[in-house]
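Colleague: Here it is, the structure, as structure tokens.
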Amino acid sequence: MKTLLNLLRSMRFAIAILTVVAVAATTGSILEQSQPAVLYVGRYGEFWASFFTLCGLTDVYHAWWFFALLGFMASSTALCLWQNMPSMLRDMRSYRENKSVASLRGLQHHIEFDLDGGLPHQVGLASYLTSQGYKYKHALIAGGSLLAARSGSARRMGYLLVHGAMVLICIGGLIDGNVLLRLKLWTGEIKLETRDLPADRVPAASRLNASNGSYRASMNIPQGDSAHTALIQMGEGYLQQELPFGVRLKQFRIEHYANGQPKDFASDIEIIDGAHAVPVTLKVNHPFSYRGVTLFQSGFADGGSKVGIGLLPTTAGAGQGQLIDGKIGQAAPLLLKGEPVSIEFTELRAINVFNKDAAGSNQWNSRGMPGDHSRDVGPSVAFRIRDSAGLSDDWLAYQRPVDIDGAQYRLLGRQQAQEAAMRYLRIPVDANGSIAAYQQFIAALADEKLRAAAAKEVAAKVVDRDLAATLENTSLALMEGFQRKGYRAIVEQVQANGDSQQEIKIGQLYLQLLERTARHLMPTENQLPPQFVHDALTAYSDALEMKLPALFTFDNFEQHNATGLQLTHAPGAPLVYLGAALLALGVMAMYFVPERRMWLHIQGGNLLVAFSANRHTPALQGEFDRHVEAIAQLVCQPHTNTKPFTAAMR
């Protein structure tokens, strides 16, 4: 035990612990903390992700070894303080009046004077010491009178403040680290919940009562609803934290810039504490504290917005269209091509700001920064189609037509499980922004009679009957093949009818003939853009290539926002703040309060002046010279043969 105490009281041990804590804190600031394991694997690789997790580097401030370091550091500092505080307090009160004349003459800064009147000068010297901020004590030693003076004793108090501050900060860190909760997690008394469950279905082993120690939790509250619990995210799971009060969201307000980017948001809430309700407006960087819990406005989310999605067949005769109503965050059953599936509504975005300069490229949906080069393309809804086996595809539909390269399109995105990015289908719209003309086009494309009539129209102006028949048959074959396979049918026909040198020319001729024939499928009275038929053919072929089970259109929505709040309870924070304040005061006292001591010994007609300081600086000699000059004016001139003084002045 004595060996352990000596180790803890060792200055080397304290410095070593402080260094390790500093390195650990630096690591915790550089490496993302408390993130899902998949993030570390994706960013650093499986080996390093496992290494970081094993060493506790993914949650440094709650690792067992970090708690141990804080405990050792607090113990070591407290023992040093306990060991040295009595002697320091005694030294602060001591005037060191028992110093011998020989020891005073041994100091580097000293000088002796001849006095004319002896002891009568003592009163003037005492007044001088007081005027210079010194406290003094009178004593009789070596047959003479001694004035022992000191100033700047608060510097020693700085040492006590710094060490006491470090103990307070370590204790505060241990309290806010919630060591007891970590012990319960390690022993299995408390278990993380990984399932997405309603608040009332979270098991008791994953719930924490309101008297729990320190925590940092988050909660989302839809407008008009209230909540009494929050979630503490921990790695791959979470714990449900009960609050000592309830929070009700009365109204959520959000402001946008002219280009659609969020500008500011705030929440009008009520804190419900029994029969008492406290109205509060939370804004970003304007937290509010109640009963030791601090609430921050951290973000916003969807609060169960209602959306309406239209389901249309990709080809004529593939079924009737229908309207699907749902809520964000919920799922609904759906029959898709005769197979039972579920549609999960995941996200509604009322505003989508994109980069104008990227609109014509494959990355047209690149996120734009606020400014002249960005635009709002309108609302979008994201949803997921999940089959009976649990496999799902992600979908994204935009409500308004989007201008791309001077043409208007309805956009529908789909990302299958094995695909790395979302693929988009561009559906051309008519002058009213509707896809009704496109639906009419694919219906005509599926009608054999209309295809035959369109082929005859193409060949009607050809005078040569044989050439007209060949042109009609070729047009009809192209239309029939395209209706079944899209542009892939054209590729197959080119490969079957031409050699490698003629494939490009034949393909271009077939495409021109196909587009020319397809124009006769649409009534002439329709007011359609010049490139509508080309875009309709491309959209139809892309839908076949993407194997879309249906076309989805985003028809309507009713938005309901939810506020995102962060709640913190840090009972150790006052100790940390107090420790930080004491640390600042202690450092200032240690480095900016000079400690000085002066002895004036009068014996007969001789005056001995001795001076010392805690730190020898270049300015110390000048300070001593000023005191010597002032004292000389009070008493007399110094000896001409004062060797110690002469040596000190060199």
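The values are calculated or read from the model by the stated rules, or taken from the named source; none is laboratory data. Quick caveat, the model's predicted, so the values are computed rather than measured. Quick reminder, even Gly has a Cβ in these numbers, built from the backbone with ideal geometry, and neighbours come from all protein chains shown. Protein only, heavy atoms only, side chains kept; ligands, DNA and RNA dropped before computing areas. Shrake-Rupley method; radii C 1.70, N 1.55, O 1.52, S 1.80 Å.
Colleague: Step by step: first the residues of region 437-471, then only those that are acidic (D, E) and outside any loop (DSSP other than H, G, I, E, B), then the one that is modelled with the lowest pLDDT. Which residue is that?
Modeller: D466
Colleague: Something else about it: I'd like to know if region 6-18 contains one or more residues that are within 29 Å of the chain's Cα centre (by Cα) and more than 24 Å from R216 (Cα to Cα).
Modeller: yes
Colleague: Mind checking whether some residue in region 159-178 is open to solvent by less than 50 Å² (accessible area, probe 1.4 Å), outside the structural domain of E623 (by the TED database) and under 30 Å from N561 (Cβ atoms)?
Modeller: There is no residue in region 159-178 that is open to solvent by less than 50 Å² (accessible area, probe 1.4 Å), outside the structural domain of E623 (by the TED database) and under 30 Å from N561 (Cβ atoms).
Colleague: Give the residues of region 35-74 that are hydroxyl-bearing (S, T, Y) and open to solvent by 50 Å² or more (accessible area, probe 1.4 Å), sorted by residue number.
Modeller: Y44, S50, T53, Y61
Colleague: Limited to region 429-454, what total is found for residues that are under 24 Å from R375 (Cβ atoms) and out of contact with any strand residue (DSSP E or B) (no Cβ under 6 Å at 6 or more places or on another chain)?
Modeller: The total comes to 5.
Colleague: Say whether the condition of being in contact with an Asp or Glu (Cβ under 7 Å, 6 or more places away or on another chain), in a loop (DSSP other than H, G, I, E, B) and under 21 Å from G572 (Cα atoms) is met by at least one residue in region 170-189.
Modeller: no
Colleague: I would also like to ask the following. Considering only residues of region 517-551 that are among the charged types (D, E, K, R) and assigned to a helix (DSSP H, G or I), which is least open to solvent (accessible area, probe 1.4 Å)?
Modeller: D535
Colleague: When region 594-618 is examined, which residues are found to be over 20 Å from S153 (Cβ atoms) and under 54 Å from the mean Cα position of the chain (by Cα)? Before the answer, list the steps.
Modeller: Step one: filter region 594-618 for residues over 20 Å from S153 (Cβ atoms), giving 601-609, 618.
Selection gives P618 alone.
Colleague: T229 fails exactly one of the following numbered conditions: (1) open to solvent by less than 20 Å² (accessible area, probe 1.4 Å); (2) part of a strand (DSSP E or B). What is the number of that condition?
Modeller: Of (1) open to solvent by less than 20 Å² (accessible area, probe 1.4 Å); (2) part of a strand (DSSP E or B), only one is false for T229: (1).
Colleague: So which strands (runs of 3 or more DSSP E) are wholly in region 318-436 and hold at least 2 residues that are of a type outside the set (D, E), under 30 Å from E255 (Cβ atoms) and modelled with pLDDT of 90 or more?
Modeller: Passing ranges, in order: 322-327, 339-349, 380-386, 392-398, 407-415.
Colleague: Could I ask something else about it? Quick one: in region 244-256, of everything that is in contact with a Lys or Arg (Cβ under 9 Å, 6 or more places away or on another chain) and surrounded by 14 or more Cβ atoms within 10 Å (Cβ to Cβ), which residue is farthest from K184 (Cα to Cα)?
Modeller: H256
Colleague: Which condition breaks for S127 when tested against (1) of a type in the set (S, T, N, Q); (2) surrounded by fewer than 16 Cβ atoms within 10 Å (Cβ to Cβ); (3) over 21 Å from F611 (Cβ atoms)?
Modeller: (3)
Colleague: In this structure, does I271 turn out to be open to solvent by less than 30 Å² (accessible area, probe 1.4 Å), in the same structural domain as L185 (by the TED database) and in a strand (DSSP E or B)? Steps first, please.
Modeller: On the way: open to solvent by less than 30 Å² (accessible area, probe 1.4 Å): yes; in the same structural domain as L185 (by the TED database): yes; in a strand (DSSP E or B): yes.
So I271 passes the test.
Colleague: In the set D302, D273, D264, which member is modelled with pLDDT under 90 and farther than 24 Å from A382 by Cβ?
Modeller: D264
Colleague: Follow-up. Go through the residues of region 141-153 one by one and say whether even a single one is open to solvent by 50 Å² or more (accessible area, probe 1.4 Å) and in the same structural domain as A610 (by the TED database).
Modeller: Taking region 141-153 first, the residues open to solvent by 50 Å² or more (accessible area, probe 1.4 Å) are 142-143.
Within this subset, residues satisfying the condition of being in the same structural domain as A610 (by the TED database) are 142-143.
The answer is yes; a qualifying residue exists.
Colleague: With the checklist (1) open to solvent by 60 Å² or more (accessible area, probe 1.4 Å); (2) under 30 Å from G274 (Cβ atoms) in hand, flag the one item L208 doesn't pass.
Modeller: (1)
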